[in-house]
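Colleague: I am attaching a structure below and will ask some questions about it afterwards.
The values are calculated or read from the model by the stated rules, or taken from the named source; none is laboratory data. Just so it is clear, the structure is predicted and the values come from calculations on it, not from any experiment. All Cβ positions, even for glycine, are placed from backbone atoms using ideal geometry, and neighbour counts span all protein chains on display. SASA here: full protein model, heavy atoms, side chains in, ligands and nucleic acids out. Shrake-Rupley method; radii C 1.70, N 1.55, O 1.52, S 1.80 Å.
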Amino acid sequence: MTVIKVLPRGFGCNSYILTANGSDAVIVDCADENVFYECEERGLRPVAVLLTHGHFDHVGGCGLFYLNSVPIYCGENEKEYIFSSENRSLFGGVYIPEFKIYKTLKGGESITLGGIEFQVISTPGHTVGSVCYVADDCLFSGDTLFRGNIGRTDLAGGDFAAIISSLKKLAALDGNLKIYCGHGEETTLGYERANNKYVKY
């Protein structure tokens, strides 16, 4: 599996384009429409978008994927929140594009998309329905876990106790997974177990 990191233009998340065969692509979070065009430039056909959560900086490119009939997935407890007035009113009511969720995913569920098997991990705390995804030896942590830090819990749907519980779940995963975060640089699960005070909380 190849992981292509797409940096945001302006304020947005890290977006990731994953391909196992060099032709199909699965996107984990999409900050803006540039992610769709990056797929086009690389000759990759998007087959799915996986959202870690529904804040505007992670869904800004969903409208274009939706218009091009690419199915969009999120955690089962996040769908209602994504389109809620409380989410849309965050950060001064920034624009959230129009799109629909094709299917919601449960924690513990596995799904194969584009030839890649994803394990879904329910990780509430940053938002009520945040999820992380494990594929091969990679963990896509959204805004649950950063290098040396964690996502904020002071926004609607945030819960500090819940995110600490979610971090314990991640720390218990097997192996030294490479972590692709929603913001900032990559890290490893081993590094976070040893150095992140929240993971050791």
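Colleague: Quick one: which residues, 5 or more positions from Leu177 or on another chain, have an amide H under 5 Å from its amide H? H modelled 1.01 Å from N in the peptide plane, none for Pro or chain starts.
Modeller: It is Leu189, Gly190, by chain and number.
Colleague: Further, regarding this structure: Of [x] 17.6, 55; [y] 15.4, 44; [z] 26.4, 90, which one was derived for Rg and Dmax of the Cα atoms in Å from the structure shown?
Modeller: [y]
Colleague: How much accessible area per residue does the stretch 1-145 have, in Å², with a 1.4 Å probe? Intermediate results must be reported in sequence, preceding the final value.
Modeller: On the way: 5780 Å² over 145 residues.
Heavy-atom SASA per residue in the stretch 1-145 reads 40 Å².
Colleague: As a test, work out the antiparallel percent of DSSP beta bridges whose residues both lie in the stretch 92-201, rounded to the nearest 5. Mind dumping the intermediate values first?
Modeller: Values: 15 of 19 bridges.
Taking every DSSP beta bridge with both residues in the stretch 92-201, the antiparallel ones total about 80 percent.
Colleague: Another question, then. With θ taken as phi - 60° and the coefficients 6.51, -1.76 and 1.60, list the Karplus ³J(HN,Hα) couplings across the stretch 130-143 in order, rounded to whole Hz; mark glycine and proline as x.
Modeller: 4, 9, 10, 10, 10, 9, 6, 9, 10, 10, 9, 9, x, 9
Colleague: Can you tell which of Asp174, Asp57, Asp154 shows the greatest fluctuation in a Gaussian network model of the chain with Cα springs below 10 Å?
Modeller: The residue that fluctuates most here is Asp174.
Colleague: Between Asp174 and Lys100, what FRET efficiency comes out of the Förster formula 1/(1 + (r/R0)^6) with R0 = 30 Å and r the beta carbon distance, rounded to 0.05?
Modeller: 0.30
Colleague: Calculate the length of the line joining the C-alpha centroid of the stretch 122-201 to that of the stretch 37-104, in whole Å.
Modeller: 20
Colleague: Based on DSSP, what percent of beta bridges with both residues in the chain are antiparallel, to the nearest 5? Working shown, then result.
Modeller: Details: 23 of 37 bridges.
Restricted to the chain, the bridges split so that about 60 percent are antiparallel.
Colleague: Can I ask one more? If the reach is capped at under 28 angstrom between alpha carbons, list the lysines near Lys178, excluding any in the same chain fewer than eight residues apart.
Modeller: Lys5, Lys79, Lys103, Lys106, Lys168, Lys169, Lys197, Lys200
Colleague: To continue, here is another question. Beta carbons within 10 angstrom, averaged per residue: use that to sort the peptides 144-153, 164-173, highest first.
Modeller: Details: 144-153: 20.3, 164-173: 16.5.
The densest-packed peptide leads the list: 144-153, 164-173.
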